[in-house]
Amino acid sequence: MIAIGIESTAHTFGVGAVDEKGNVLANETDSYKTESGGMLLDQVAKHHEAVVDGMIEKVLEIVGTENIGIVAYSAGPGLTPALFVGFKKAKELAARLGKPLVGINHCAAHLSIGEITTGTKNPVFLYVSGVNTQVISYEGGKFRILGETLDVGLGNALDKFGRDIGLGFPAGAKIEEMARRGKYIVLPYTVKGMDVSFSGILTKIQNLYKKGASPEDLCFSFQETAFAMMAEVAERAMAHVDKQELLLVGGVAANKKFCEMLQIMCEERGAKFFKCPMQYCGDQGAMIAWEGLIRFKEKRFITEINPYWRVDEV
Ligand code: ATP
Ligand code: FE2
């Protein structure tokens, strides 16, 4: 059986396909981007509307229609106008193929694709994307959030600062590049148990930038501080649930410095660090297809959208 997965929670639209072993057969993505300024909600939906049909046809051409068993889509969490585009098209495709429609949780999909592509078994998950920054462990048949950001997600914090200094959207990769030339400035380090907060850092660097501090120094210091905070909470979580594997998923996993710091932390405690392969870290359809297969077999899925669906409610 082949599963089709449609991703449409935020700025990336994706259509992917996987088989029952988790082999990725197709994975097309197209992201809404800007040169300067942030993401405009109605334009995101317009972008998705414009690319969806071509992308679905392309994936069907690659995998054929005869073995498709389900059509999965990300039902949430996400931006409602964006979610509706994917939901509507998934529903149409499921009806056209006469196959079940399987609505799944986008965050759980990030975790599941990370597990199948790295071969980890029951790791502590560090899920760091635009919106989400969470430390998660699978306990007693469900995902438990051990710690998370108390305000903005790390990716969004990076993007917000990137917008302030004119880097366009998304800004994570550009900030990483600029950080290579920066020096350290002390910034607010906010860890509470296994929770973190980035709003203090953001306010501080915005103010320092206005006062003429070097953007390179601010990018470097932002990264150093935020990544150290994440390494601290990941380590605490691993000790707390007594697990020897850490799996990093989500778009911020693209950051080499971040991975290096987590790798060192894991080595120092005799644990193993895994990173979801880059092509499956950001939002894409293959992870939706794979999570769809898992939940279809468990009969745990929905057929509507849920913009505020937390991973611990799956
Ligand atoms: P979610 O709904 O799961 O939060 P998302 O669409 O917000 O998903 P992803 O696609 O998983 O997020 O990741 C996008 C984020 O990753 C953006 O905030 C982007 O700036 C950040 N990012 C991408 N590359 C890098 C990098 N090299 N360093 C730091 N951050 C990065
Ligand atoms: Fe995501």
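The values are calculated or read from the model by the stated rules, or taken from the named source; none is laboratory data. In this text, all values refer to a predicted model and were calculated from it rather than measured experimentally. Note that we place each Cβ from the backbone using ideal geometry, even for glycine, and neighbour counts take in every protein chain shown. All accessible areas refer to the heavy atoms of the entire protein, side chains included, with ligands and DNA or RNA removed. Shrake-Rupley method; radii C 1.70, N 1.55, O 1.52, S 1.80 Å.
Observations on the structure shown:
- Selection from 11, 95, 206, by position along the positive dipole direction of the chain (Cβ): 206
- Amide H contacts under 5 Å for residue 272, placed H, 5+ residues apart: 245, 246
- Loop sites in the stretch 262-314: GluC sites (Glu not before Pro), DSSP, at most 12 other Cβ within 10 Å: 304
- Between the amide H of residue 306 and those of 76, distances stay under 5 Å, these residues lying 5 or more places away or on another chain, with hydrogens modeled in the peptide plane.
- Looking at the chain, the accessible area is 42 square angstrom per residue; that uses a 1.4 Å probe and ignores ligands, DNA and RNA.
- 0 to 90° range, to nearest 10: angle between helix 41-63 axis and the chain longest Cα axis: 50
- Couplings 3J(HN,Hα) for the stretch 165-180, derived from phi with the Karplus relation 6.51 cos²θ - 1.76 cosθ + 1.60 (θ = phi - 60°), are 9, x, 8, x, 10, x, 10, x, 5, 5, 5, 4, 5, 5, 4, 4 Hz, where x marks Gly and Pro.
- Pairs of lysines in the stretch 226-307 whose Cα atoms sit within less than 25 Å of one another amount to 8, provided the residues are eight or more positions apart or on different chains.
- Sites counted here are trypsin sites (Lys or Arg not before Pro) in a DSSP loop (not H, G, I, E or B) having no more than 14 other Cβ atoms within 10 Å; the longest part of the chain that contains none of them is 34-120.
- Helix-derived mean residue ellipticity, 222 nm - over the chain, DSSP H n ≥ 4, -39500 (n - 2.57), to 500: -14500 deg cm²/dmol
- Rounded Å value of the spacing that divides the Cα centres of the stretch 54-97 and the stretch 260-309: 19
- Loop chymotrypsin sites (Phe, Trp or Tyr not before Pro), the stretch 12-90 (other Cβ atoms within 10 Å of the site Cβ: 13 or fewer; DSSP): none
- Backbone phi angles across the stretch 295-304, fed through the Karplus curve with coefficients 6.51, -1.76 and 1.60 (θ = phi - 60°), yield HN-Hα couplings of 6, 5, 5, 7, 6, 10, 8, 10, 10, 9 Hz in residue order; Gly and Pro are listed as x.
- Given charges at Cβ of Lys, Arg, Asp, Glu: the stretch 121-279 dipole, positive-most of 194, 234, 128: 128
- Cβ-placed point charges (K, R +1; D, E -1), dipole of the chain about Cα centre in debye, nearest 20: 320
- On the chain, 52 percent of the accessible area sits on carbon and sulfur atoms, based on a 1.4 Å probe.
- The length gained by stretching the chain between residue 122 and residue 302 to full extension, at 0.36 nm per residue less their Cα-Cα distance, is 62.3 nm.
- For the chain, the longest principal axis of the alpha carbon atoms and the long axis of helix 199-210 meet at an angle near 60°.
- Crossing angle, helix 215-241 versus the chain [Cα axis fit, 0-90 degrees, rounded to tens]: 70
- What separates the Cα centres of the stretch 107-151 and the stretch 1-38 is a distance of 19 Å.
- Chymotrypsin sites (Phe, Trp or Tyr not before Pro) within the stretch 246-314, DSSP loop, no more than 12 other Cβ atoms inside 10 Å: 308
- Under 5 Å between amide hydrogens, built in the peptide plane, is the criterion, and for residue 148 it picks out 135, 195, 196 among residues at least 5 positions away or on other chains.
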